[in-house]
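The values are calculated or read from the model by the stated rules, or taken from the named source; none is laboratory data. In this text the structure is predicted, and so the values were computed from the model without any measurement. Every residue, glycine among them, receives a Cβ derived from its backbone with ideal geometry; neighbour counts consider all protein chains shown. Heads up: the accessible areas ignore ligands, DNA and RNA and are worked out on the full protein's heavy atoms, side chains in. Shrake-Rupley method; radii C 1.70, N 1.55, O 1.52, S 1.80 Å.
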Amino acid sequence: MAVLLLPIAKIGWDAATGGLGANPIEAVQNRLGFWTITLLALALVPTPAKDLLGVAWPQRLRRVLGVTAFAYALLHFLFYVGVDKFFDWNTISADLTRRPFLMVGFAALLCLLPLAITSTDGWIRRLGYRRWKLLHRLAYLAAVLAVVHFAWRVKADLRRPLLFAAVFAVLLAVRVPGWIRQARR
């Protein structure tokens with residue numbers, strides 16, 4: 001879906017036209033992070049939409065949204081490592097000890113990695129649907145970690161991280177009754 005590439009295109013356009021502000025590296029990092037968490041939220045919407053509203057068509061978008069969320073998270077991480085820190089591993093490791101939000105963000109990326117890898121029909125068959133589904137609940141852990149990463153990163157203005165926390169809380173709350181019913185069976 002080409003529309004999912006629009007944020008990258010906008011970043012490229014703004015970079016070419018000087019629209020990234022006084023700190024372009026920070027601007028790109030912030031935008032990639034914002035789009036990662038936004039796409040992760042959108043990837044979690046289809047099942048509650050089906051359960052609550054009976055709307056099934058978003059189910060077809062879930063995989064592409066999830067894989068794209070991972071791609072944006074990976075770009076967010078690689079931009080930090082390559083552009084912001086120039087692959088200076090000493091600085092990066094010092095950052096990790098001084099700035100815990102980086103470790104939390106990396107943990108979120110690591111949660112998304114097996115989801116991206118196992119997002120194919122072949123992996124569903126290999127793992128079995130039940131185990132695959134259980135594995136893919138890591139998306140909620142990734143969401144929590146992403147919110148914590150975001151909140152610790154911004155420090156003062158918590159409106160956006162709290163908004164995402166509320167969205168993820170609602171999406172999770174809608175799923176819990178179904179998980180409880182499933183566990184009882």
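Just to be sure, is Ile11 open to solvent by less than 40 Å² (accessible area, probe 1.4 Å), at pLDDT 95 or above and under 28 Å from Thr118 (Cβ atoms)?
Values: open to solvent by less than 40 Å² (accessible area, probe 1.4 Å): yes; at pLDDT 95 or above: yes; under 28 Å from Thr118 (Cβ atoms): no.
No, not satisfied.
Tell me the residue from Val67, Val81, Val28, Val55 that is at negative phi, in a loop (DSSP other than H, G, I, E, B) and of a type in the set (A, V, I, L, M, F, W, C), please.
Answer to the selection: Val55.
For the range 175-185, name all the residues that are over 22 Å from Val64 (Cα atoms) and assigned to a helix (DSSP H, G or I).
Val176, Pro177, Gly178, Trp179, Ile180, Arg181, Gln182, Ala183, Arg184
When the residues of the range 103-124 are filtered to those that are part of a helix (DSSP H, G or I) and without any contact (Cβ under 8 Å) to a residue 12 or more places away in the chain, which remaining residue is least open to solvent (accessible area, probe 1.4 Å)?
Looking at the filtered set, the residue picked out is Gly122.
I'd like the full set of residues that are surrounded by fewer than 12 Cβ atoms within 10 Å (Cβ to Cβ) and either of a type in the set (S, T, N, Q) or in a helix (DSSP H, G or I) (or both), limited to the range 135-169. First the steps, then the outcome.
As a first pass, look at the range 135-169 and keep what is surrounded by fewer than 12 Cβ atoms within 10 Å (Cβ to Cβ): 155-157, 159, 166.
Arg159, Ala166, listed by residue number.
Just wondering, is there one or more residues in the range 73-86 that are open to solvent by 50 Å² or more (accessible area, probe 1.4 Å), without any contact (Cβ under 8 Å) to a residue 40 or more places away in the chain, touching a helix residue (DSSP H, G or I) at 6+ places or on another chain (Cβ under 8 Å) and of a type in the set (Phe, Trp, Tyr)?
Going residue by residue through the range 73-86, those that are open to solvent by 50 Å² or more (accessible area, probe 1.4 Å) are 74-75, 77-78, 83-84, 86.
Now restrict to residues that are without any contact (Cβ under 8 Å) to a residue 40 or more places away in the chain: 74, 77-78, 86.
Subsequent filtering for residues that are touching a helix residue (DSSP H, G or I) at 6+ places or on another chain (Cβ under 8 Å) retains 74, 77.
Right, trim to of a type in the set (Phe, Trp, Tyr) and you get 77.
Yes, the conditions are met somewhere in the range 73-86.
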